[in-house]
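The values are calculated or read from the model by the stated rules, or taken from the named source; none is laboratory data. It should be emphasised that the depicted structure is a prediction, and the values quoted were computed from it without experimental measurement. FYI the Cβ positions are ideal-geometry reconstructions off the backbone, even for glycines, and counts take in every protein chain you see. Ligands, DNA and RNA are excluded from the accessible area calculation, which covers all protein heavy atoms including side chains. Shrake-Rupley method; radii C 1.70, N 1.55, O 1.52, S 1.80 Å.
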Amino acid sequence: MTAHAIGVDLGGSNLRVGIVDDRGRLLEKLNTPVVELRTSERVIDRMCEHIQQLISRYQSSGPLHGIGISIPGIIDLDTGILRESPNLPGWYDYPVRAEIERRLGTRVLLENDANAAAMGEFWLGAAREYDSTCMLTLGTGVGGGIIIKGALWHGMTGMAGEPGHMTVDPDGPSCACGNRGCLEQFSGAAAIVRAAREAAASGKAPALADAITRDDFSARSVYELAMKGDPPSQKIFERSGRALGVAIASLINALNLPIYIIGGGGSGGWDAFSPYIFEEVEARSFIYRATLQPAAGAKPRPKTRITRAMLGSDAGIYGAARLPMLPEEVYEHSLHQGAALPVTEPDPTT
């Protein structure tokens with residue numbers, strides 16, 4: 001018998017609930033389109049139904065570690081309240097954890113979706129042989145997660161790991177966050193689609209102009225044109241890759257972690273944008289270059305890796321399921337980082 005855990009991945013399009021054993025095997029997965037459920041109450045109800053179904057089916061297989069839930073947006077990790085989510089309209093200040101615990105009668109662990117995906121890749125995916133990693137997730141926008149010595153780095157207020165709002169061009173487009181030139185304005189599906197529409201409107205991208213008239217037009221459409229050799233589409237992915245390279249170079253210089261992973265649905269465009277990532281990182285990060293070419297006579301160093309994620313859309317389920325498997329002190333420590341230390345006044349008599 002092996003122990004297992006429930007992992008929930010709630011996105012803007014789908015609710016997916018899986019049960020994973022402590023060897024990393026996904027035993028079963030249930031999926032429901034979120035659009036069918038319409039309200040937050042119905043989403044939570046269906047989530048709990050799926051969780052209870054899986055617990056019931058596998059209760060004789062071994063003990064349950066617990067339940068981990070991955071959800072997009074800004075989460076108050078102490079209270080379990082979802083402050084806001086661009087992918088879940090209307091879920092402002094919604095007490096997600098309390099509502100789920102009330103229905104299930106048991107404690108759950110709540111985590112940001114990009115952090116959960118990073119934990120999945122750390123446990124079973126591209127970073128499984130490393131003790132630390134940084135992951136960037138390309139979806140509608142750009143998210144991310146940082147893991148240091150096996151623990152998620154949440155930062156002081158739980159908002160660490162937001163590379164999408166790193167500045168890669170100070171004079172770039174305005175972002176909804178209030179900044180200009182955020183990575184998210186160049187990479188991610190919304191940025192790719194916007195750039196394609198701008199190119200089509202210029203009159204210099206006939207293939208894109210034709211593509212955007214179709215009902216199924218998406219970032220994938222731009223990628224397919226780029227891989228067929230369409231220069232305007234290739235230019236869009238070059239711009240995206242160079243922006244990612246600027247951001248990753250800064251992350252390497254700041255963190256010096258052994259591996260940086262690019263995942264999410266947008267990572268499907270890897271072939272079109274990744275060459276420009278490596279060009280920019282090598283040009284902009286002396287730390288990256290140092291790991292590629294150690295000094296003559298110096299002891300060989302591990303190379304800094306930049307790679308594509310391995311687990312695809314299941315990374316969030318694996319990562320969410322992994323959370324209740326971690327020693328409690330590891331997860332609790334990750335929730336309370338960056339707190340101010342008490343100030344000790346000097347003793348005037350000494």
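Listed values, structure above:
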{"quantity": "Förster radius 22 Å - calculated FRET efficiency between N14 and S56, Cβ distance, rounded to 0.05", "calculated": "0.50"}
{"quantity": "Residue-normalised accessible area of the stretch 59-126, given per residue in Å² at a 1.4 Å probe", "calculated": "41 Å²"}
{"quantity": "GluC sites (Glu not before Pro) within the stretch 96-194, DSSP loop, no more than 11 other Cβ atoms inside 10 Å", "calculated": "E129"}
{"quantity": "Protein accessible area in the stretch 58-128, 1.4 Å probe - carbon and sulfur %", "calculated": "47 percent"}
{"quantity": "At R0 = 25 Å, FRET efficiency that the Cβ-Cβ distance of E129 and E28 yields, to 0.05", "calculated": "0.35"}
{"quantity": "Part-to-part distance (alpha-carbon centres) for the stretch 21-45 and the stretch 46-125, which is given in Å", "calculated": "10 Å"}
{"quantity": "Calculated from backbone phi, Karplus (6.51, -1.76, 1.60) coupling profile of the stretch 10-27 in Hz, x at Gly/Pro", "calculated": "9, x, x, 10, 9, 9, 10, 10, x, 10, 10, 8, 6, 8, x, 8, 7, 7"}
{"quantity": "Residue-span extension gain [E328 to M156] - 0.36 nm each, minus C-alpha spacing", "calculated": "60.0 nm"}
{"quantity": "Cα point-scatterer Debye curve for the stretch 58-157, base-10 log of I(q)/I(0) at q = 0.11, 0.15, 0.21, 0.25 Å⁻¹", "calculated": "-0.39, -0.70, -1.15, -1.30"}
{"quantity": "Built amide H within the under 5 Å cut-off of L15, gap 5+", "calculated": "T32, V34"}
{"quantity": "Span from the the stretch 172-207 Cα centroid across to the the stretch 224-283 one, whole angstrom", "calculated": "15 Å"}
{"quantity": "Shape call, the stretch 88-132: gyration tensor on alpha carbons, a/c limit 1.5", "calculated": "oblate"}
{"quantity": "Accessible area of the stretch 214-293 divided out per residue, in Å², using a probe of 1.4 angstrom", "calculated": "45 Å²"}
{"quantity": "Segment S40-E198, length gained on full extension (0.36 nm per residue, minus Cα span)", "calculated": "53.4 nm"}
{"quantity": "Segment E84-N253, length gained on full extension (0.36 nm per residue, minus Cα span)", "calculated": "57.7 nm"}
{"quantity": "Residues of type lysines that K149 reaches as a straight line, Cα spacing below 22 Å, ignoring anything fewer than 8 places off in the same chain", "calculated": "K303"}
{"quantity": "Per residue Cα convex hull volume in Å³ - calculated over the stretch 180-320", "calculated": "144 Å³"}
